[in-house]
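*Asks:* For reference, the structure I am asking about is given below.
Just so you know, all these numbers are worked out from the coordinates, no wet-lab data involved. Here the structure is a predicted model, which means the values were calculated and not measured. Ideal geometry is used to build each Cβ from the backbone, glycine not excepted, and the neighbour counts take in all protein chains shown.
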Amino acid sequence: MIRVENLSKSFNSQVVLDDVSFCIDDGSLVVVLGPSGTGKSVLLKSILGLMSVDSGEVIFDGKSIQNATANELYEIRKQVGFVFQGTALFDSMNVAENIALPLREHTNLSSKDIRERVCHLLEVVGMEGKADLYPQSLSGGMKRLIAVARALALGPRYLFYDEPTTGLDPIMTDRVVALIKDLKKRYKNSGIVVTHDLSTAKAVGDQIYMLKKGKITKLTKIEKELYD
Amino acid sequence: MNLFSAIGDFSSFFFRSIFIPWQLKHTRYRILRQVFEVGIGSLPIILIIAAFVGLVSIVQTSYQVAGTVPRYILGMTVGRMVMIELGPILTALMVSGRCASSMAAEIGTMRVTEQIDALEIMAINPHRFLSLPRIVGTFIALPVLTVIAELDALLVSGAYAHFFLDIPFGVFNYGLTHFFYAKDFFGGLVKSLFFAIVIATAGCYFGFNVRGGAREVGRAATYAVVTASILILTLDFLIALVIFG
Ligand SMILES: Nc1ncnc2c1ncn2[C@@H]1O[C@H](COP(=O)(O)OP(=O)(O)OP(=O)(O)O)[C@@H](O)[C@H]1O
Ligand SMILES: [Mg+2]
């Protein structure tokens, strides 16, 4: 369970997060909805300690991110898969090496086992046969799927998606949404999906929060229907 | 930023990159790649530069002392000049131009495309992953390059003396070996170890500190080379004071 408590963050005079609190229960996928530039990416990075916050705390399974040492922080992050908005694939490595990297660094699997795991993950996201390509030669949507495969490598308990469907055509969007739902069913992981697309939000979210002007509010069922 | 906090920042970056737990199993390959990148990659240009350094040294020395000293002195002078000063410093400056800039650009690009954040999220220490192999790799490659450059320069200058200055190999070699002091040679190598640290640390430091986009990446590459070059010459002077002063 991840508890976000009274998180505040501003850049200079611009308040991006203002006393944000919410909770991700085990097994549930929380969607944070909000227009562009409200601080959704900042929220995700703050939760994982990639960005420092001005005040507030994030509690990961009882451990505070803000008080964690560097090593504790790394231990916590090993349980998280993160799909970046810009995918952040390593462009000096091919697809297989990208996915294999966390396995090489954090497990004692043999090269053969790693290769099998990579193949399996590529199958899960429907990108078989792309193992030897470099990120530069993939389309935006394909990169997104590879980024998901990389995030899954260590079998994380939590998955964070930053705008997983933005900029994709409707077919690819449906594919990614289906994948997110499928992964949740398959691996029983919890997580956050950040998006500004309401249909994605409704399709994947167990709870939907709205982030606007730094404030976060939970959307009730009626509000969700009103948005239609 | 004032000079002292900049120096403090720079050194603390170096210590943070080096004094971290790391396993040879994971890092060996990455270090080896940097040794090749820095060493083999710089070899052609170093061989060319060193050859001309040898030529210029022998021409200049013979011009300055012609007829006033025994001919073997040329071997001694060129030898010591190349080993103490020219070999280490010119190799380091060339490598800094080639490698400090490319390290800064590569790491800077990884910074702006969030690849460094991705490492952090995967619980991979980016300093261990990126800076450590570069610093260690350069530390291994640069002294070797320096020795190769010195051999190259001395061979070429000896050949020039033999064919154009009427100083037979034997005479040149006598001056070179008879007045060879281990301190000269190893003093030069000690310098190149320090230069290696400076080059790789500057490249990584400016790469890691990129904030922004393509223009900042370009600027980081420039800063890395300029800083490395200034530090190389400063250290050269300080170390000379300690070893030879
Ligand atoms: N490093 C930074 N320095 C200064 N301001 C920043 C920084 N990162 C983000 N911001 C500001 O914080 C605000 C929120 O940015 P963020 O990237 O979180 O938006 P977002 O909700 O993810 O938008 P999008 O949907 O376009 O990705 C923006 O107005 C941005 O200007
Ligand atoms: Mg964003």
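*Asks:* With +1 on each Lys and Arg Cβ and -1 on each Asp and Glu Cβ, how big is the dipole of the stretch A:136-228 about its Cα centre, in debye rounded to the nearest 20?
*Replies:* On the way: 17 positive and 10 negative charges, 85 e Å.
My answer is approximately 400 debye.
*Asks:* At each listed q (0.11 Å⁻¹), what is the log10 of I(q)/I(0) that the Debye formula gives for chain A modelled as equal alpha-carbon point scatterers?
*Replies:* The Cα Debye sum returns log10 ratios of -0.55.
*Asks:* Let me ask something additional. Grab the Cα-Cα distance for B:I20 and B:F4, subtract it from 0.36 nm times how many residues apart they are, and report the gain in nm with one decimal. Before the final figure, lay out each step's value.
*Replies:* Numbers: separation 16, 0.36 × 16 = 5.76 nm, distance 2.44 nm.
Extending this stretch completely gives an extra 3.3 nm.
*Asks:* Which part of the stretch B:14-54 falls in the paramagnetic zone of B:V144, meaning amide N under 14 Å from the point 7 Å along Cα-to-beta-carbon?
*Replies:* B:29-44
*Asks:* Could you tell me how far the Cα centroid of the stretch B:210-236 sits from the Cα centroid of the stretch A:26-74, in Å?
*Replies:* Comparing the Cα centres of the stretch A:26-74 and the stretch B:210-236, I get a distance of 34 Å.
*Asks:* When only C-alpha pairs under 8 Å and at least 6 residues apart count, what is the relative contact order of the stretch A:13-76, in percent? Numbers along the way, then the final one.
*Replies:* Numbers: 28 pairs, mean separation 13.6, N = 64.
The value is 21 percent.
*Asks:* Let me ask another. Plugging the Kirkwood radius over Cα pairs into Stokes-Einstein for the stretch B:30-121, at a temperature of 37 °C and a viscosity of 0.692 mPa s, what D comes out in µm²/s? Before the final figure, lay out each step's value.
*Replies:* Values: Rh = 16.1 Å.
The Stokes-Einstein estimate is 204 µm²/s.
*Asks:* Report the normalised scattering of the protein assembly as shown as log10 I(q)/I(0) at q = 0.05, 0.06, 0.09 Å⁻¹, calculated by the Debye formula with identical scatterers on the alpha carbons.
*Replies:* For the protein assembly as shown at q = 0.05, 0.06, 0.09 Å⁻¹, log10 I(q)/I(0) is -0.27, -0.38, -0.70.
*Asks:* Next question. Could I have the simple spin-label model distance between A:Q79 and A:E97, label points 7 Å from Cα toward Cβ, reported in nm to one decimal?
*Replies:* Result: 3.2 nm between the two label points.
*Asks:* Could you pull out the pairs from A:K143/A:K188; B:K25/B:K191; A:K9/A:K185; A:K45/A:K112; A:K112/A:K181; A:K184/B:K25 whose alpha carbons sit more than 32 Å apart here?
*Replies:* Numbers: A:K143/A:K188 24 Å; B:K25/B:K191 30 Å; A:K9/A:K185 34 Å; A:K45/A:K112 34 Å; A:K112/A:K181 30 Å; A:K184/B:K25 34 Å.
Violating the 32 Å limit, Cα to Cα: A:K9/A:K185; A:K45/A:K112; A:K184/B:K25.
*Asks:* With labels modelled as points extended 7 Å from the Cα through the Cβ direction, what inter-label distance (nm, one decimal) is found for B:R219 paired with A:R186?
*Replies:* Simple spin-label model gives 4.5 nm for this pair.
*Asks:* Please tell me the relative contact order of the stretch B:31-243 in percent, rounded to the nearest whole number, where contacts are Cα pairs under 8 Å and at least six residues apart.
*Replies:* 38
*Asks:* Which value, in debye to the nearest 20, describes the size of the charge dipole of chain B about its Cα centre when Lys and Arg Cβ atoms bear +1, Asp and Glu Cβ atoms bear -1, and nothing else is charged? Don't skip to the end; give the middle numbers.
*Replies:* On the way: 16 positive and 13 negative charges, 83 e Å.
In total the dipole reaches around 400 debye.
*Asks:* Which of B:F179, B:L154, B:A92 sits farthest toward the positive end of the charge dipole of the stretch B:31-243, with +1 on the Cβ of Lys and Arg and -1 on the Cβ of Asp and Glu?
*Replies:* So the residue we want is B:A92.
*Asks:* Would you tell me the mean number of C-beta atoms belonging to other protein chains that fall within 10 Å of each C-beta in A:73-82, as a whole number? Please list the in-between numbers first.
*Replies:* Numbers: counts 2, 6, 1, 1, 5, 4, 1, 3, 2, 6.
Mean inter-chain Cβ contacts per residue within 10 Å come to 3.
*Asks:* For the protein assembly as shown, what is the mean residue ellipticity at 222 nm derived from helices alone (per DSSP H run of n ≥ 4: -39500 (n - 2.57); sum divided by total residues; nearest 500 deg cm²/dmol)? Provide the component values of the computation, followed by the final result.
*Replies:* Details: 19 runs with 276 residues, N = 473.
Roughly -19000 deg cm²/dmol at 222 nm, from the helical runs in the protein assembly as shown.
*Asks:* Is there a quick way to get the dipole size of chain A? I mean about its Cα centre, with the Cβ of Lys and Arg at +1 and of Asp and Glu at -1; what is the value in debye to the nearest 20?
*Replies:* Values: 29 positive and 28 negative charges, 34 e Å.
I would put it at about 160 debye.
*Asks:* Still on this structure: Per 0.36 nm of contour for each residue apart, how much would the distance between A:C119 and A:D19 grow if the chain were fully extended, relative to their Cα-Cα spacing? Intermediate values should be presented prior to the final figure.
*Replies:* Numbers: separation 100, 0.36 × 100 = 36.00 nm, distance 4.29 nm.
Extra length from A:C119 to A:D19 when fully extended: 31.7 nm.
*Asks:* In the stretch A:90-127, which residues have a backbone nitrogen under 15 Å from the label point lying 7 Å from A:Q136's Cα in the Cα-to-Cβ direction?
*Replies:* Residues A:90-95 fall inside that zone.
*Asks:* Quick one: if you stick a label point 7 Å off each Cα along the C-beta vector at B:L55 and A:K218, how many nm between them?
*Replies:* For B:L55 paired with A:K218, the spin-label model returns 8.0 nm.
*Asks:* Which whole-number percent of Cα pairs in the stretch B:31-243 have a distance greater than 25 Å?
*Replies:* On the way: 10010 of 22578 pairs.
Value for the stretch B:31-243: 44 percent of Cα pairs lie more than 25 Å apart.
*Asks:* How shielded is B:110-119 by partner chains, expressed as the average number of their Cβ atoms within 10 Å of its Cβ atoms? Numbers along the way, then the final one.
*Replies:* On the way: counts 4, 0, 1, 8, 11, 9, 2, 8, 15, 5.
Mean partner shielding for this stretch: 6.
*Asks:* Something else: For the stretch B:54-111 and the stretch A:162-223, what is the separation of their C-alpha centers, rounded to whole Å?
*Replies:* 62
*Asks:* Tell me, what is the percent relative contact order of the stretch A:71-144, built from C-alpha pairs under 8 Å that lie six or more residues apart?
*Replies:* Details: 43 pairs, mean separation 29.9, N = 74.
Value for the stretch A:71-144: 40 percent.
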